[in-house]
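Here the structure is laid out as structure tokens; the discussion comes afterwards.
The values are calculated or read from the model by the stated rules, or taken from the named source; none is laboratory data. This is a predicted model, so every value here is computed, not measured. In this analysis, Cβ positions are derived from the backbone assuming ideal geometry, glycine residues included, and neighbour counts consider all displayed protein chains.
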Amino acid sequence: MTAEPVVYEEHVGASRQYWRDIVLGINDGLVSMLLLVVGVVGGGLNREQIILTGVAGALAGAVSMAAGEYLATKSQDEVMESELALERTHIKHFRQQEVDQLYPMLREVGVDESDIDTVVQALTRNDDVLLNSMKVLEFGVVDTERRSPLSAAWTSGGLFLAGSIPAVAPFLFPISRSAGILVAVALAGISLFTVGVVKTFVTRTNPVVAGFQNLLIAGLGALAAFGVGRLLGVSLLS
């Protein structure tokens with residue numbers, strides 16, 4: 001028997017660094033809004049109150065998610081810029097110490113001992129090459145992998161809003177609360193499973209396992225939220 005030829009597979013590319021925001025945004029929208037809706041239904045709110053709560057929660061969550069992601073990404077970028085500025089100072093005034101740091105780092109990535117001097121000479125040919133080498137080896141910074149704060153904010157905030165739709169949309173129609181929550185749970189469940197499957201296109205993991213992971217986590221959370229909502233509703237009305 002001859003082995004099947006290995007087909008060359010392209011990398012994810014420019015979107016790679018934003019998959020965290022994609023998955024976090026839509027998953028958070030699906031899960032948190034489902035939990036919110038299930039919780040207020042358990043608390044006894046009527047359909048109009050559920051819609052108001054859901055729309056307000058979706059908008060607040062999207063804005064909070066976008067703002068938080070923007071500030072977190074920008075802050076991380078500023079920290080890294082500060083570290084790189086300090087690294088430039090180190091290279092200018094303490095160059096040999098920086099060169100000496102390359103040896104253990106190159107050993108850690110598996111460079112053979114007999115090749116290390118040659119590699120170090122190549123990476124220290126001038127200050128720009130040395131700085132770029134330290135960016136990758138010491139700080140793990142690759143310029144093409146750095147995330148834009150604005151792109152991260154729009155991605156996470158926009159997808160949070162999109163993820164809110166399945167939990168809120170059923171109550172826009174004249175149906176009972178019990179029917180609305182059943183439809184919301186079904187739509188959110190299908191969406192969560194789909195997100196898990198879609199994610200595997202880039203993670204290259206088992207799509208069924210990934211889909212059911214999302215469902216399991218959201219299901220446990222929804223049961224807890226419904227129980228808390230029911231307890232609070234009974235407590236406030238008694």
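Given segment 141-238, what helices (runs of 4 or more DSSP H) lie entirely inside it while holding 2 or more residues that are modelled with pLDDT under 80, among the small types (Gly, Ala, Ser) and over 15 Å from residue 31 (Cα atoms)?
Numbers: elements: 149-168, 177-203, 207-237.
The helices (runs of 4 or more DSSP H) meeting that bar are 207-237.
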Search result, residues across segment 77-103 that are under 32 Å from the mean Cα position of the chain (by Cα) and without any contact (Cβ under 8 Å) to a residue 24 or more places away in the chain: 78, 79, 81, 82, 85, 86
Filter pass, residue 43 being in contact with a helix residue (DSSP H, G or I) (Cβ under 6 Å, 6 or more places away or on another chain), farther than 26 Å from residue 196 by Cβ and buried (at least 21 other Cβ atoms within 10 Å of the Cβ): yes
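Quick grid of which residues meet (1) within 19 Å of residue 72 (Cβ to Cβ); (2) surrounded by fewer than 16 Cβ atoms within 10 Å (Cβ to Cβ); (3) among the small types (Gly, Ala, Ser):
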position	(1), (2), (3)
122	no, yes, yes
130	no, no, no
142	no, yes, no
146	yes, yes, no
Given (1) among the aromatic types (Phe, Trp, Tyr); (2) farther than 30 Å from residue 191 by Cα; (3) buried (at least 17 other Cβ atoms within 10 Å of the Cβ), index of the condition residue 171 fails: (2)
Residues located in segment 130-189, provided they are within 19 Å of residue 50 (Cβ to Cβ) and β-branched (Val, Ile, Thr): 165, 168, 175, 181, 183, 185
Where a residue in segment 55-68 is in contact (Cβ under 8 Å) with a residue 60 or more places away in the chain and its partner, wherever it lies, is of a type in the set (Ser, Thr, Tyr), with Cβ under 7 Å and at least six apart: 58/164; 61/32; 61/164; 65/156; 66/156
